[in-house]
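Asker: First the structure, which I've put down as structure tokens, then a few questions once you've had a look.
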Amino acid sequence: MDPLVANPEKEISALPQAAEDFGIEHRYWDIFGKQHEASEDVLKTILRSLGVDTSSNESIEKAVEERHWQEWSQPLRPTLVVSQSYPGFPIAIPAQLGNSKASFVIECEDGARQEHTYFLAESPQIGKSTLRGRQFVRKQVALGTELPLGYHKITLSVEGGPMSTARLIVAPDRAYQPHWLETGRGAGMAVS
């Protein structure tokens, strides 16, 4: 076998994991109970549409590693969606800051401003990772206060660490349900 040609079996086996890491469903069950797997070509096409170089297994692995780095090296995800009654969300921080004090400033869409201080030692750890020789932990933070519905901006400052800003979307706990539907039946259209 030519050493310059990638091993296709190894490359195929890396694709489903890369698809999962990029949030792509690569298998599903149909209504008859039969499982379907996306083909290598479909996975590569979707990954390419997300900006991933799928020309070799090494380039796919590099894209996955870069995605993980972006997820762990930034304290907040670019957009956080929380429910109104439980405004909790994950933050990723260097492991040595796991017991630090964090400050949150929320700028509400109506112009109001809220400030919260949070001690990360009180937060449950929900994940950890080592990337590029650095250790990170993911903590679940719950602000413990109801926030107004809407699109807000949140800024996080961790004592001795990074600052991060994100869009904070506060959604209702459940979708509106008309009174007549609580006791009756209805039909409608759904688009996935």
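The values are calculated or read from the model by the stated rules, or taken from the named source; none is laboratory data. Model, not experiment: these values are computed from the prediction. Every residue, glycine among them, receives a Cβ derived from its backbone with ideal geometry; neighbour counts consider all protein chains shown. What goes into the accessible areas is simple: the full protein's heavy atoms, side chains included, and nothing from ligands, DNA or RNA. Shrake-Rupley method; radii C 1.70, N 1.55, O 1.52, S 1.80 Å.
Asker: Could you identify the single residue in Ser59, Ser55 that is under 25 Å from Ala14 (Cα atoms), without any contact (Cβ under 8 Å) to a residue 12 or more places away in the chain and assigned to a helix (DSSP H, G or I)?
Answerer: Of Ser59, Ser55, the one residue that is under 25 Å from Ala14 (Cα atoms), without any contact (Cβ under 8 Å) to a residue 12 or more places away in the chain and assigned to a helix (DSSP H, G or I) is Ser59.
Asker: Kindly provide the set of residues from the stretch 26-77 that are farther than 30 Å from Ile169 by Cα, touching a strand residue (DSSP E or B) at 6+ places or on another chain (Cβ under 9 Å) and open to solvent by less than 90 Å² (accessible area, probe 1.4 Å), ordered by number.
Answerer: Residues satisfying the conditions are Asp30, Gln35, His36, Ala38.
Asker: Among the residues of the stretch 78-100 satisfying the criterion of being polar (S, T, N, Q) and in a loop (DSSP other than H, G, I, E, B), which is least open to solvent (accessible area, probe 1.4 Å)?
Answerer: Looking at the filtered set, the residue picked out is Ser100.
Asker: Kindly provide the set of residues from the stretch 21-37 that are at pLDDT below 90 and either under 30 Å from Gly133 (Cα atoms) or in a loop (DSSP other than H, G, I, E, B) (or both), ordered by number.
Answerer: Glu25, His26
Asker: Say we look at the stretch 133-158 and pick out the residues that are polar (S, T, N, Q) and part of a strand (DSSP E or B); which of these is least open to solvent (accessible area, probe 1.4 Å)?
Answerer: Filtering the stretch 133-158 for residues polar (S, T, N, Q) gives 135, 140, 145, 155, 157.
When the remaining residues are screened for being part of a strand (DSSP E or B), the result is 135, 140, 155, 157.
Working: Gln135: 117, Gln140: 42, Thr155: 23, Ser157: 40 Å².
My answer is Thr155.
Asker: Now for a different question. Filter the stretch 115-132 down to the residues that are open to solvent by 70 Å² or more (accessible area, probe 1.4 Å) and in a strand (DSSP E or B) and list them by number. Lay out the reasoning, then the answer.
Answerer: As a first pass, look at the stretch 115-132 and keep what is open to solvent by 70 Å² or more (accessible area, probe 1.4 Å): 115, 117, 119, 122, 124-126, 128, 130, 132.
The answer is Glu115, Thr117, Phe119, Gln125, Ile126, Lys128, Thr130.
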